[in-house]
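Read through the structure below, which is laid out as structure tokens, and then see the notes.
The values are calculated or read from the model by the stated rules, or taken from the named source; none is laboratory data. Owing to the predicted nature of the structure, the values given are computational and were not obtained by experimental measurement. Cβ placement follows ideal geometry from the backbone for every residue including glycine, while neighbour counts extend to all protein chains displayed. To get the accessible areas, we keep the full protein, side chains included, count just its heavy atoms, and leave off ligands, DNA and RNA. Shrake-Rupley method; radii C 1.70, N 1.55, O 1.52, S 1.80 Å.
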Amino acid sequence: MPFSRLFGKLTALRNHLYDRGVFRSHPLGERTISIGNITTGGTGKTPLVAYIAEVLAARGEKVCILTRGYGRKNAGHRVVVSDGETIVSDPNIAGDEPAELAVRLREKAVIIADADRVRAAEFARRKYGVTSFLLDDGFQHRKAKRDVDVVCIDATDPWGGGRTLPGGRLREPLAGLRRADIILVTRSDHVADMEDLRSEISNLNPAAAIFRARNEIVRVTQLENFHSKLPKPDPSQEGRPHVSPFDFLEVTKNMAGEPIRTAAFCGLGNPENFFRQIRQDGANKGLNLSFTRAFPDHHTYTQTDIEDIEEEATEGAGADVLVTTAKDAMKLGGLRFSLPCYVVEIDVLLDDRDGFADLL
């Protein structure tokens with residue numbers, strides 16, 4: 001707790017110096033939207049970044065996503081993950097989340113991983129003619145000036161224990177939430193009542209627009225097929241309808257008609273949210289989540305990891321299949337599986353998509 005207090009005071013001082021102009025925020029030269037969190041761990045931010053990029057691209061913008069690319073090799077170097085036409089970096093060099101965004105967005109956005117987002121933006125404007133920037137995980141990155149600040153708050157754990165790091169999961173004191181223009185409450189369908197949280201948010205920032213969102217499984221793909229989209233998406237897939245999320249059950253279902261025993265694994269900031277999603281969406285689809293295994297965020301998988309997962313899942317829980325996230329799938333290329341492994345792809349669904357898009 002003493003270290004949390006110290007961290008909170010230091011981050012509050014840093015914010016104060018930016019607010020007073022002692023520390024300078026640099027404009028990126030084009031309209032800039034930041035998407036971030038006030039807590040560490042997963043809040044469902046990545047699907048939102050993809051959605052906003054799609055909204056802007058559909059309105060004729062040349063979009064560039066600027067990200068730090070946590071967990072990548074040579075983190076001090078600038079990496080062009082996608083040039084807006086072709087995916088040009090593999091996940092180890094690009095980072096798992098930037099690579100996931102590149103596969104998902106295909107030709108809708110330039111994606112650059114660089115710790116210095118101001119210089120990366122100058123490079124992107126000069127080389128690619130970018131007209132809109134998205135700062136991925138940018139709420140605390142105040143060196144880059146933004147026109148709109150979008151902050152995601154996880155309804156299941158909004159305030160990260162109520163303390164700043166390291167005693168809690170707040171990245172800065174809650175007073176920092178006053179900088180937000182739009183607050184998106186993710187996983188709102190996982191809580192029974194939203195009114196108390198909405199009141200808390202309004203008390204902290206009366207001016208912010210508040211939207212609700214939930215996550216939904218939109219696609220379940222065999223790992224081999226998912227990797228076939230790397231490093232360059234197959235143009236023949238453009239325009240095809242999404243496969244029903246649970247079509248794969250027809251291939252793997254138990255001959256006796258019993259629920260499929262499923263083992264889920266991931267390396268996320270908040271792994272329980274992924275497991276909860278599998279339980280929620282899969283329960284009425286014949287899935288029985290019998291085993292879970294969580295790894296540290298941005299974990300790099302080894303063959304030993306896979307063998308351990310499969311041994312525990314089969315011998316301890318009798319699992320028939322494995323499922324994981326698109327982010328984790330980026331780190332599974334070249335590894336061998338004896339159980340069928342599927343990639344669960346998740347989208348964010350807003351309660352007022354048109355209102356959100358218009359406000360942006």
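In square angstrom, rounded to the nearest 10, how much accessible surface does HIS299 have for a 1.4 Å probe?
Roll a 1.4 Å probe over it and HIS299 shows about 40 Å².
Below 8 Å between Cα atoms, with a sequence gap of 6+, how large is the relative contact order for segment 26-152 in percent? Intermediate results must be reported in sequence, preceding the final value.
On the way: 280 pairs, mean separation 56.6, N = 127.
Value for segment 26-152: 45 percent.
Mind checking the log10 I(q)/I(0) for the chain at q = 0.07 Å⁻¹? Debye, one equal scatterer per Cα, no solvent, two decimals.
-0.31
What is the local net charge at ASP181, summed over the other residues whose Cβ is closer than 14 Å to its Cβ (Lys, Arg +1; Asp, Glu -1)?
Details: positive: ARG31, LYS145, ARG146, ARG178, ARG179; negative: ASP147, ASP149, ASP358.
My count for the surroundings of ASP181 gives +2.
Can you tell me the accessible area per residue over the chain, all protein chains present, probe 1.4 angstrom, in square angstrom?
Working: 16360 Å² over 360 residues.
Roughly 45 Å² per residue, with all protein chains present.
If the only charges are +1 at each Lys and Arg Cβ and -1 at each Asp and Glu Cβ, what is the size of the charge dipole of segment 1-141 around the Cα centre, to the nearest 20 debye?
Details: 21 positive and 16 negative charges, 110 e Å.
Roughly 520 debye, rounded to the nearest 20.
Output the relative contact order of the chain, whole-number percent, from Cα pairs under 8 angstrom with separation of 6+ residues. Walk me through the intermediate numbers first.
Details: 710 pairs, mean separation 69.7, N = 360.
Relative contact order for the chain comes out at 19 percent.
Using the charge dipole of the chain (Lys, Arg: +1 at Cβ; Asp, Glu: -1 at Cβ; taken about the Cα centre), state which of THR40, PHE274, THR300 has its Cα farthest towards the positive end.
Of the candidates, THR40 comes out farthest on the positive side.
Round to the nearest 0.05 the FRET efficiency obtained for LEU13 and SER202 when R0 = 30 Å and r is the Cβ-Cβ distance. Mind dumping the intermediate values first?
On the way: r = 27 Å, r/R0 = 0.88.
FRET efficiency, LEU13 to SER202: 0.70.
How about segment 37-109: which trypsin sites (Lys or Arg not before Pro) there are in a DSSP loop, with at most 12 other Cβ atoms within 10 Å of their Cβ?
Working: sites: LYS45, ARG59, LYS62, ARG68, ARG72, LYS73, ARG78, ARG104, ARG106, LYS108; in loops: ARG59, LYS62, ARG68, ARG72, LYS73, ARG78.
Listed in order of number, the matching sites are ARG59.
Using a probe of 1.4 angstrom, how much of the accessible area of the chain is carbon and sulfur, in percent?
Numbers: 7890 of 16360 Å².
Accessible surface attributable to carbon and sulfur in the chain totals 48 percent.
Which is farthest toward the positive dipole end of the chain among LEU289, LEU184, LEU332, measuring Cα position about the Cα centre, with Cβ charges +1 (Lys, Arg) and -1 (Asp, Glu)?
LEU184
Ordering THR156, THR39 from largest to smallest accessible area (1.4 angstrom probe), what's the sequence?
On the way: THR156 50, THR39 5 Å².
Ranking THR156, THR39 by accessible area, largest first, yields THR156, THR39.
What number, rounded to the nearest 500 deg cm²/dmol, is the helix-based mean residue ellipticity at 222 nm of the chain, given -39500 (n - 2.57) per DSSP H run of at least four residues and division by all its residues?
Working: 12 runs with 109 residues, N = 360.
Helices in the chain give a 222 nm mean residue ellipticity of -8500 deg cm²/dmol.
Between segment 282-360 and segment 1-74, what is the separation of their alpha carbon centroids in Å?
26 Å
Using the Cα centre as the reference, give the magnitude of the dipole from point charges on the C-beta atoms of the chain (Lys, Arg: +1; Asp, Glu: -1; all else neutral), rounded to the nearest 20 debye. Numbers along the way, then the final one.
Values: 48 positive and 52 negative charges, 370 e Å.
In total the dipole reaches around 1780 debye.
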